[in-house]
Amino acid sequence: MIKKSGMIALVGRPNVGKSTLTNALVGEKIAIVSNKPQTTRNRICAVVNRGESQFVFLDTPGLHRARTKLGDYMVKVVKDSVADVDAVCLIVEPIPHIGGPEEELIGRIKALGVPSLLLINKIDTVEKEELLAVMQTYGAAHEFNAILPISAKKGEGVEELLKVLDEFLPEGPQLFPEDMVTDQPERQVCAEILREKLLLCLDKEIPHGTAVELVRFVERERDEVIEIDATIYCEKESHKGIIIGKGGSMLKKISTLARQDIERFMGAKVYLQTWVKVKENWRDNLNLIHNFGYKDE
C-alpha cells in the first residue's frame, strides 16, 4: 500500500540525459531519446512505485535560448514544471563549469526552497578523479541536499537515487494507479516514437522542424492488430523530399524502425502507414503548435 508520494522535476540543459534517466527509472521506454538536443518538447510524467512509496518524475524539455514560438513553449514547460514539486533533480554533464542554463535553474531552485539533488550524469565518459572538481564547482554554487554521480545510459546510480529521494517524499495517497507508468496517452507515445526515428535518421535542422499527427488509431478486435495512419509535417518542400528519400527509401526506413518500437510498447502487431506534408514555419504558428499537442494544460 502506498503511504508516501511526491512529484520530482528532472531539469537541465538539452541533451544531458533527462529522458534516458526517465526510461531507466521506469524500466521501459516512455520518453524518446536521441543524440540531438531539444528532443523532448512536452512534460512527461513517469511513475515509479517502490514499496510504500510512489515517485512521479517530470521529464522536461532542456532549458535553452528559444528561437521560435515552439521554443518559447518548451522553455515555459520547464519553468512551470519546477513551480509545484516536492524535489528537483538538476542533471548536469561531468564538466567543472556552470553554464547559463544551469545558473538559471539553480536560481529557480533557490527561490523555491525545495529539496534539490545534483545528478552528475555520463560518469561512464570520464575518470572518477575528474568528478571531484565538478562536485566542488556545483557545491560552491548551491547547497544541494545530495550530489550523486550516475550513468542513466547504463542504469548506474538509479536505485541509489530512489533511496535518497524517498527521504523527501511527503506522506500522502498514491497519485496514479499501481499499473500506470506514464500519464501520456498511448497515441501520444506512438507519435513520439515516430518523431524519435525522424531525429535518428535525419540530419541537421530537418528533424527539429518536424511534427507528427496520428490521424487514425484503431485496435482491430478480430486479430488484435493496431492500425495507425500518421502524418509527418515538415517546414519546407525540400525537407519533404529528403524525408521521403529516393524511391521512398528514407520514409520506409523511418516507418519500419518506428513500427518495431511501437509494437514493443503496445505489445501487439502494428500496421503503420505514413505520409509527409509541408506546413511552412509551423513552429512559429501558435494554432499549429497547439494542433500538434503542444499546449498548456
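Computed values, structure above
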{"item": "Lys, Arg +1 and Asp, Glu -1 on Cβ, resulting dipole of the chain about Cα centre, debye, nearest 20", "result": "1200 debye"}
{"item": "Between helix 100-112 and the chain: long-axis angle, C-alpha atoms, 0 to 90°, nearest 10", "result": "60 degrees"}
{"item": "Formal net charge of residues neighbouring ALA141 (Cβ-Cβ distance under 14 Å; K, R +1; D, E -1)", "result": "-2"}
{"item": "DSSP beta bridge pairing in the stretch 154-297, given as percent antiparallel to the nearest 5", "result": "45 percent"}
{"item": "Normalised contact order of the stretch 96-201, rounded percent, pairs of Cα under 8 Å and 6 or more residues apart", "result": "25 percent"}
{"item": "Beta bridges by DSSP in the chain, antiparallel share as percent, to the nearest 5", "result": "40 percent"}
{"item": "Cα-based equivalent ellipsoid, the stretch 130-202: semi-axes from gyration tensor eigenvalues, Å", "result": "31, 23, 11"}
{"item": "Signed unit charges on C-beta, dipole axis of the chain, positive-most listed residue THR256, LEU161, MET7", "result": "THR256"}
{"item": "On Cα atoms only, tilt of 69-81 relative to the major axis of the chain in degrees", "result": "40 degrees"}
{"item": "Cα-based helix-to-principal-axis angle, 186-201 vs the chain, degrees rounded to 10", "result": "90 degrees"}
{"item": "Reference-scaled alpha-carbon Rg (2.2 N^0.38 Å with N residues) for the chain", "result": "1.03"}
{"item": "Dipole of the chain, positive direction: furthest Cα of ASN49, LEU199, ILE120, with charges on the beta-carbon", "result": "LEU199"}
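Values in this text are rule-based calculations from the coordinates and carry no lab data. Quantities reported herein were computed from a predicted structural model and do not represent experimental measurements. For neighbour counting, all protein chains shown are included, and Cβ atoms are generated from backbone atoms with ideal geometry for every residue, glycine included.
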